[in-house]
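Report on one structure; see the data block that follows.
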Amino acid sequence: MAAPREALYFPASQRQQLDSYLPSPSITSTSSVSSKPHVTLTFATSLDSQLALAPGVQTALSGPESKAMTHYLRSKHDAILIGVGTAIADNPSLNCRIEGVGGYGGEGLYGQPRPIVLDPKGRWEISAESKVVKLAREGKGKAPWIITKTDVGEQKRSLLESVGGKFLRYGDSFGGVEASLSARMEWRGMLQLLSREGIQGVMIEGGGVVINDLLSADNLELVDSVILTIAPTWLGRGGVQVCPEQRQGLGRSLPAGRLKDVNWMPLGEDVVLCGRPQ
């Protein structure tokens, strides 16, 4: 099966610099149901730490080389997770286009991650025209799972199930994502839910609320690796910024967190930072 023209290629020499930060192939579904998946937090920012020009505005930052890297990362995870704001703003595809995965030269859905959307209030009006639904029908991606705490209605449920997706009900709050309860325990619980569903490696891509919440001092220990693309541009004030809350201790402000085992990797005009939270 020949790969479609839209398939992407990412060189083996560059893959080797990333692989140690990704889920281990030895991770299997025999892991304890109380464990969590390997969590890779990945996103692209400008030089002034902005994700987008403004809330709800789709903003392209990654160059072609780092875009191919992102799709390679997707091929190494069981799932991609985003917040509902990103789903509404971007109408994302949430699939993998690396040459050799299912739909792009490979058989079935081999190498395709499961799209997962955090939508506690049922805001996302997913439809037959949504890119992620179209790709599932074409055999170029898996159908999404939507984590919610509300009744989604029969029409949405039928649409999702018709392409192999489903809704997952979780709790009455989403911690720092949507409520003021313990974000740490809510993220841990959601990750445990994904582990019970067979997800052993999840790539969390955004948006800003999700990224900042996971980078907070309360949640950073849940993140196994961070892979950050920095684009050579400034977006200016008023954008969506990556800026977690500071920690407080001994009567003063402390850094929210720091990375260790750091590797810097030039990719075209971008630079990629890989590391593990301390």
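The values are calculated or read from the model by the stated rules, or taken from the named source; none is laboratory data. Note that the structure is a prediction, hence the values are computed from the model and not measured. Note that each Cβ is placed from the backbone with ideal geometry, even for glycine, and that neighbours are counted across all protein chains shown. All accessible areas refer to the heavy atoms of the entire protein, side chains included, with ligands and DNA or RNA removed. Shrake-Rupley method; radii C 1.70, N 1.55, O 1.52, S 1.80 Å.
Numbers below:
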item: Residue list for the stretch 64-94, filter: open to solvent by less than 20 Å² (accessible area, probe 1.4 Å) and more than 19 Å from P37 (Cβ to Cβ); result: S66, A68, M69, H71, V84, A87
item: Matching residues, the stretch 36-54, being over 19 Å from D90 (Cβ atoms) and part of a loop (DSSP other than H, G, I, E, B); result: K36, P37, L47, D48, S49
item: Output for the stretch 95-129, where each listed residue is under 17 Å from K140 (Cα atoms), open to solvent by 10 Å² or more (accessible area, probe 1.4 Å) and among the aromatic types (F, W, Y); result: Y110
item: Residue satisfying condition, being more than 18 Å from the chain's Cα centre (by Cα) and farther than 29 Å from E186 by Cα, within set E161, E154, E129; result: E129
item: Within the stretch 132-150, considering residues that are loosely packed, with under 15 Cβ neighbours inside 10 Å and in contact with a strand residue (DSSP E or B) (Cβ under 9 Å, 6 or more places away or on another chain), the one nearest to Q192 (Cα to Cα); result: T150
item: Selected residue [surrounded by 14 or more Cβ atoms within 10 Å (Cβ to Cβ) and charged (D, E, K, R)] from D224, D261; result: D224
item: Lone qualifier among R247, R258, R237 - being under 23 Å from the mean Cα position of the chain (by Cα), more than 24 Å from H71 (Cα to Cα) and not acidic (D, E); result: R258
item: Unmet criterion (only one of (1) more than 24 Å from D90 (Cβ to Cβ); (2) modelled with pLDDT of 95 or more; (3) buried (at least 18 other Cβ atoms within 10 Å of the Cβ)) for D218; result: (2)
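Let's see how each residue does on (1) closer than 30 Å to R237 by Cβ; (2) of a type outside the set (A, V, I, L, M, F, W, C); (3) modelled with pLDDT of 95 or more; (4) open to solvent by less than 50 Å² (accessible area, probe 1.4 Å):
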position: A3; (1), (2), (3), (4): no, no, no, yes
position: P11; (1), (2), (3), (4): no, yes, yes, yes
position: Y21; (1), (2), (3), (4): no, yes, yes, yes
position: P25; (1), (2), (3), (4): no, yes, no, no
position: S35; (1), (2), (3), (4): no, yes, no, yes
position: T45; (1), (2), (3), (4): yes, yes, yes, yes
position: D48; (1), (2), (3), (4): yes, yes, yes, yes
position: L51; (1), (2), (3), (4): yes, no, yes, yes
position: P55; (1), (2), (3), (4): yes, yes, no, no
